[in-house]
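The block underneath contains the structure these notes are about, expressed in C-alpha cells.
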Amino acid sequence: MTIAAPSVHARELSDAPDWWRQAVVYQVYPRSFADTNGDGLGDIPGITSRVPYLAALGVDAVWLSPFYPSDLADGGYDVADYRDVDPRLGTLADMDELISQLHAHGIRVVVDIVPNHTSDKHAWFQEALAAGRGSAARERYIFREGTGPDGSEPPTDWVSVFGGSAWERVADGQWYFHNFDVSQPDLNWANPEVRADFLTTLRFWGDRGVDGFRVDVAHMLTKDLSEPLPSRAELDAMPIDGNHPLIDRDDVQEVYAEWRAVFDEYDPPRTAVAEAWVHPSRVPLYASAASLGQSFNFDLLEADFDAGQFRRIVADNLALAAESGSSTTWVLSNHDVVRHATRYGLPDAQRGADGRPTLKHGNEWLLSGGTEPALDAERGERRARAAALFLLALPGSAYLYQGEELGLHEVADIPDAERQDPTFFRSPGVDLGRDGCRVPLPWTASGGSFGFGDAGAHLPQPDWFETYAADVQDGHPASTLSLYRRALALRHELQTAEELTWIDGSSAEVVAYERPNGWSVVTNFGAEAVPLPAGEVLLSSRALDDGRLPGETTVWMRRA
Ligand code: NOJ
Ligand code: CA
C-alpha cells in the first residue's frame, strides 16, 4: 500500500565531502520496516518501496542496521557473512537497487559494520570449531584453556554485557570469549588476517556505493589478554585510560587509521560514526579526521526532559566536537533504548543501575504503550515533539529512529513467549530487553499488520498502532509526521554555520538559542506558558497559547 507523500522535488545528491556534518540520518531497522513478501520480516525491497516516503520526510541519509545473513540471535548484530544479504531480506542485487533509489532521491546510505564479534555461524567460527586447539583458525578468535583441575571452569569470572559468563566451552574443552551473546564470539584484532578482512569488507560496500559506516561497539575491538588474566573485581577496578584490557584501548586507533586510509580512497571519502560508549575526554580520539571522523553522543538519549540537562549537554558536546574538528550527533532514540515518547511520559529518572532508561519486568509503572496510569502518553508525545524541534535546529547531525516521526510509543507488553532479545533471556526476565522499540512500523490504520506486510509481523503489534499509522497522520497538519516533514524541510532552508549563541531565557525552565543567520529556537521545559520573544514564528511543536509559548513546547523563530 502506498502512503501519499506530499509532492517533493527529489533532491540532488550533494557530493560535498562534508555532507555528513549536519545531515539528518534516519535509522532503519530493516526487519521491522516494511515486508514485501509476506513472511513477517521486513526486507530490502520493502525499504526500497518506501524511498518516496523517506524523500518526502526530507532525510539526508539512511542508516541501515544489519541486514547481513544472521541467525538473529541479537537482532542481526550476529553477522554470519559481512559481504552478503540475509536471503530472507533479499539479495545483493536488491541492495544495489536500494542504494541506487536512495541516491536518485538525494539520500546517502550508511551501513552498520559489526567488527567486535561475528556470529557463531560465520565460516571462520565454524572453521575454528572444526580445526581444534592451537590452529590458525582459532587464532582469529579468543580461545583459552579453562581453569580448575580438569579445565571445566571458565578462564575468568568475567560477565558478558548481556549477562551470564563471558566464556563458553566448546566440545574439545577450550573456551571462547564473548563480550555479548554466546552466539557472538569476539574476534582477535591482534590477528592481521582479521584486520585485512575488514578492509576488504569496507571496500566491498564502498565499491557498491555505500557512503558511510556506523561502527558497532567501536571502543571494544582490541584487547590485551596476556596471562595472567585479571579477575572480574580486578578488571572492574582498573582505570579506563587507554590501557584497560578490554575497553577503549589506545591501540584501537591503529585499526581506524587503516580504515581511514580506505575511506579516503573514495570521492567523496566514505564516512564513519563510532558507537563508542567512552568517557567524554576520549570521544575526540574516535571523532578525529584521522580516525572514524564522528562519534555518537548519546547524552540527550540518556537525559530527562529537563532544561538544565539539555542546555549543559548541548554546550558540552559542541565543545567536545570542536576539539576533534568533527560535528556532534544528536540522538533521542535508537533500536537499543525505550522510545523517547514513552520515556518522557514516565516519571523522571526511571533508570537502570547503569543510568540508562530501562523497562523493568513487572514494574507496574512501565507496562504498555499508553494504558498504564503512570504512563502519561500524551505528555510523552508533547515532550517528544518539543525535544525533536529543539534537537533538529542544533548544529551538527541528527539521528532519527524509524517511527519517531510518527510519535510512536514503546510496546511494553509483548508476551514473554514472543520476545526475541537476548538481553531478556540472559538477564533473565529482569530486563525486558529491546524488542519494544523494534516492533514493525504501522503504515496504514487497516490491514493485517498495519500495512507492514501482507501477513503478520515478527513482533506483535498492539491495537493502538492504528492511531499512529502513517496514513492516518499523512495530510493532517497537526500530526507528528507533518511536524517532522515541515521541520526537515525548513531545516534545509535555514541550515547555516555550525554555531549557536545562547539567548537568556525568561525563566530557568526555558532554553533558547540562535544560529548565526537569526534562526532561533525557544523551548519551554516547564508546565506554565511563558511570553515569546519578538520575531516571526516559523514552526511550533504545539499550538501557541494566545501568543505565549505553552509548557513543554518548542518554537522556531526568525529574529524580528
Ligand atoms: C550495539 C548495538 O546497537 C546493539 O543492538 C547490539 O546488541 C550490540 N552492539 C552488540 O553488537
Ligand atoms: Ca519479508
Check your understanding: If you put +1 on each Lys and Arg Cβ and -1 on each Asp and Glu Cβ, how big is the dipole of region 123-177 around its Cα centre, in Debye rounded to 20?
Key -> 160
Exercise for review: For D224 and V159, calculate 0.36 nm times their separation in residues minus their Cα-Cα distance, and state this gained length in nm to one decimal.
Suggested key: 21.7 nm
Practice item. Please list the equivalent ellipsoid semi-axes of region 98-202, computed as the square roots of five times the alpha-carbon gyration tensor eigenvalues, in descending order and whole angstrom. Key: 33, 16, 10
**Study point:** Total formal charge among the other residues, if their Cβ is under 15 angstrom from that of R108, Lys/Arg +1 and Asp/Glu -1
**Key:** -2
Revision key, fill the gap. Computed ³J(HN,Hα) along region 16-23: with the Karplus parameters 6.51/-1.76/1.60, θ = phi - 60°, integer Hz and x for glycine or proline, the list is 5, x, 9, 3, 7, 4, 10, 7
Review point. Can you list the HN-Hα couplings for region 222-233, worked out from phi with the Karplus curve (6.51, -1.76, 1.60; θ = phi - 60°), rounded to whole Hz and with x for Gly and Pro?
Key: 7, 9, 10, 10, 6, 7, x, 6, x, 6, 4, 5
Study note, to complete from the structure: Note to self: with every protein chain in place and a 1.4 Å probe, the chain gives an accessible area per residue in Å² of 37
Check your understanding: Quick one: length gained pulling E466 to A196 fully straight, 0.36 nm per residue minus the C-alpha distance?
Key -> 92.4 nm
Check your understanding: What net charge is computed for the residues neighbouring D207, neighbours being all others with C-beta under 14 Å from the C-beta of D207, Lys and Arg scored +1, Asp and Glu -1?
Key -> 0
Exercise for review: Compare the peptides 95-103, 324-332, 545-553 by average per-residue count of other Cβ atoms within 10 angstrom and give them in order, highest first.
Suggested key: 324-332, 95-103, 545-553
Practice item. Give the long-range amide H neighbours of G453: residues separated by 5 or more places, or on another chain, with amide H under 5 Å away, using H modelled in the peptide plane at 1.01 Å from N. Key: D35
Revision key, fill the gap. Across all Cα atoms of region 9-91, Rg and the largest Cα-Cα distance (Dmax), in Å, are 14.2, 41
Check your understanding: Which distance in nm do the two modelled labels at D264 and R208 give, with both placed 7 Å along the Cα-to-Cβ direction?
Key -> 2.7
Study note, to complete from the structure: region 101-123 scanned against label point 7 Å out from L13 along Cα→C-beta; backbone N under 19 Å for 101-112
Study note, to complete from the structure: FRET efficiency for T147 and D251 from the Cβ-Cβ distance with R0 = 30 Å, rounded to 0.05, comes out at 0.65
**Study point:** Within region 19-36, backbone nitrogen closer than 15 Å to the virtual label 7 Å beyond the Cα of A289 toward Cβ
**Key:** 19-21
Exercise for review: Take each of the peptides 411-422, 479-490, average the number of other beta-carbon atoms within 10 Å over its residues, and list them starting from the highest.
Suggested key: 479-490, 411-422
**Study point:** Axial C-alpha extent at least 27 Å, average Kyte-Doolittle at least 1.0 - helices from the chain (DSSP)
**Key:** none
Exercise for review: Using a 1.4 Å probe over the heavy atoms of the protein chains, calculate the carbon and sulfur portion of the accessible area of the chain as a whole percent.
Suggested key: 51
Review point. If Lys and Arg each add +1 and Asp and Glu each add -1, what is the summed charge of the other residues whose beta carbon sits under 10 Å from the beta carbon of P269?
Key: -3
Review point. Once the Cα gyration tensor of region 123-177 is diagonalised, what are the square roots of 5 times its eigenvalues, in whole Å and ordered largest first, as equivalent ellipsoid semi-axes?
Key: 19, 14, 8
Point to revise | 36 Å tail of the calculated P(r), the chain, as % of Cα pairs | key: 33
Practice item. Taking amide H positions as placed in the peptide plane 1.01 Å from N, state which residues far from T271 in sequence (5 or more) or on other chains have amide H under 5 Å from it. Key: G212, F213
Review point. How many percent of Cα pairs in region 463-555 exceed 19 Å?
Key: 49
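The values are calculated or read from the model by the stated rules, or taken from the named source; none is laboratory data. All of these numbers come straight from a predicted model, not from anything done at the bench. Virtual Cβ from ideal backbone geometry, glycine too; neighbours counted across all protein chains shown. These accessible areas exclude ligands, DNA and RNA; they are computed on the full protein's heavy atoms, side chains included. Shrake-Rupley method; radii C 1.70, N 1.55, O 1.52, S 1.80 Å.
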